[in-house]
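> Pasting a structure here, questions to come.
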Amino acid sequence: MAMAYFDSAADRLRAAQPILEKWAEELAHILGRGDIGGALRITLIKHNTASDSFRLQTGRHTGFLKLFNKSEEGVEGYRRERMALVALKGSGVAPRHLAHCDADGFVLSEFIGGRTLSEVISSNNALAWTRRLGVWLAKMDAKAPAEPCRGNWAEYLGRYRGLAPLGDIAGAEDALYEIPLCGMALARCDASFTNWMVPDMVTLKGVDYERAEMKPRGWDFVLAYQALIARFPEHGEALLEALADGFASQHRGALIADELSYLARIVLCARLEHKQAA
Ligand SMILES: Nc1ncnc2c1ncn2[C@@H]1O[C@H](COP(=O)(O)OP(=O)(O)O)[C@@H](O)[C@H]1O
Ligand SMILES: [Mg+2]
């Protein structure tokens, strides 16, 4: 007889319990900033195939703990999440890293209150939030670890899977040859709207770095545009203008918002054409 397996919140809690119990005292100590003897209240917020996310509370202190499983995806997700939160500590763009444990695969960070961007963004306010997203992207670009690289966007995208050949899009290949890569930088690589918290309804904090990796600078801008246009197609190009406007208002470096906008438009075209051909 086939066994049924329910991947329920109860199963997840059961698996996480021994690990969280083992570390409860240390976690309460770190969260309570040295206060002794506080109980730790643990609430499961979300789970996916690689990780479980918990709210931790002791007294008036709250933290966010992401526990990764030992699957290949979980191990890789942990490595990326930890690396990114450590690298972005003090940047203001991400929750502050508080602690991590390599052996058990968890990261503890500051708890960001409020709702996710997904809950607050709607067609009525999409352009205002898009502009704020542009500001966040520029701050992330300024704070993320980066390294120099050579090449241009035509060469880079030419090797990218899931895109139609640039030669199929009028003028794109020649234009992108003229846009140099401005270095590699840590990119979050996940523009789901649930991955931004809006603690005060104005600023954004980016969460969820389990896919973070070094990408040509500007890559998160390209992905943000794809997510925006998929959800609010009725706003079309105005989304790109708002994103570039927010980005340019904050950015002080070598990336040019107009070039990023052009790039984002071409990647969208190449993706749609590839999908149609498939
Ligand atoms: N530091 C944080 N503080 C408060 N809530 C958070 C924090 N990080 C993530 N969250 C919430 O938990 C959810 C799951 O976390 P996330 O890292 O996105 O995991 P997943 O990989 O399952 O999407 C997020 O969508 C967000 O609502
Ligand atoms: Mg997420």
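The values are calculated or read from the model by the stated rules, or taken from the named source; none is laboratory data. Since the structure is predicted, the reported quantities are computational estimates derived from the model, not experimental observations. Note that we place each Cβ from the backbone using ideal geometry, even for glycine, and neighbour counts take in every protein chain shown.
> For residues in the range 83-119 being hydrophobic (A, V, I, L, M, F, W, C) and exposed (fewer than 15 other Cβ atoms within 10 Å of the Cβ), which is nearest to Ile229 (Cα to Cα)? Even if it seems obvious, please write down each step before you answer.
To start, the set of residues in the range 83-119 that are hydrophobic (A, V, I, L, M, F, W, C) comprises 83-88, 93-94, 98-99, 101, 103, 106-108, 111-112, 117.
Now restrict to residues that are exposed (fewer than 15 other Cβ atoms within 10 Å of the Cβ): 86, 103.
Values: Val86: 31, Ala103: 40 Å.
Across the range 83-119, the extreme among qualifying residues is Val86.
> Given the conditions (1) within 16 Å of ligand 1 (Cβ to nearest atom); (2) at pLDDT 95 or above, which single one is not true for Ala242?
Status for Ala242: all satisfied but (1).
> Name the residue that is farthest from ligand 2 (Cβ to nearest atom), counting only residues in the range 29-43 that are surrounded by 14 or more Cβ atoms within 10 Å (Cβ to Cβ) and closer than 18 Å to Pro95 by Cα.
Among those residues, the one meeting the criterion is Gly32.
> Quick test for you: out of Lys143, Lys139, pick the one residue that is of a type outside the set (Phe, Trp, Tyr), within 15 Å of Val202 (Cα to Cα), in the same structural domain as Ala248 (by TED's automatic domain parsing) and surrounded by 17 or more Cβ atoms within 10 Å (Cβ to Cβ). Break it down into steps so the answer makes sense when it comes.
Details: Lys143 fails: within 15 Å of Val202 (Cα to Cα).
Of the residues listed, the single one that is of a type outside the set (Phe, Trp, Tyr), within 15 Å of Val202 (Cα to Cα), in the same structural domain as Ala248 (by TED's automatic domain parsing) and surrounded by 17 or more Cβ atoms within 10 Å (Cβ to Cβ) is Lys139.
> Listed residues Ala185, Ala278; which is out of contact with any strand residue (DSSP E or B) (no Cβ under 8 Å at 6 or more places or on another chain) and either in the same structural domain as Gly92 (by TED's automatic domain parsing) or among the hydrophobic types (A, V, I, L, M, F, W, C) (or both)?
Values: Ala185 fails: out of contact with any strand residue (DSSP E or B) (no Cβ under 8 Å at 6 or more places or on another chain).
On inspection, the qualifying residue turns out to be Ala278.
> To continue, here is another question. Checking Gly134 against (1) buried (at least 22 other Cβ atoms within 10 Å of the Cβ); (2) part of a loop (DSSP other than H, G, I, E, B), only one condition comes out false. Which one?
Only one criterion is unmet by Gly134, namely (2).
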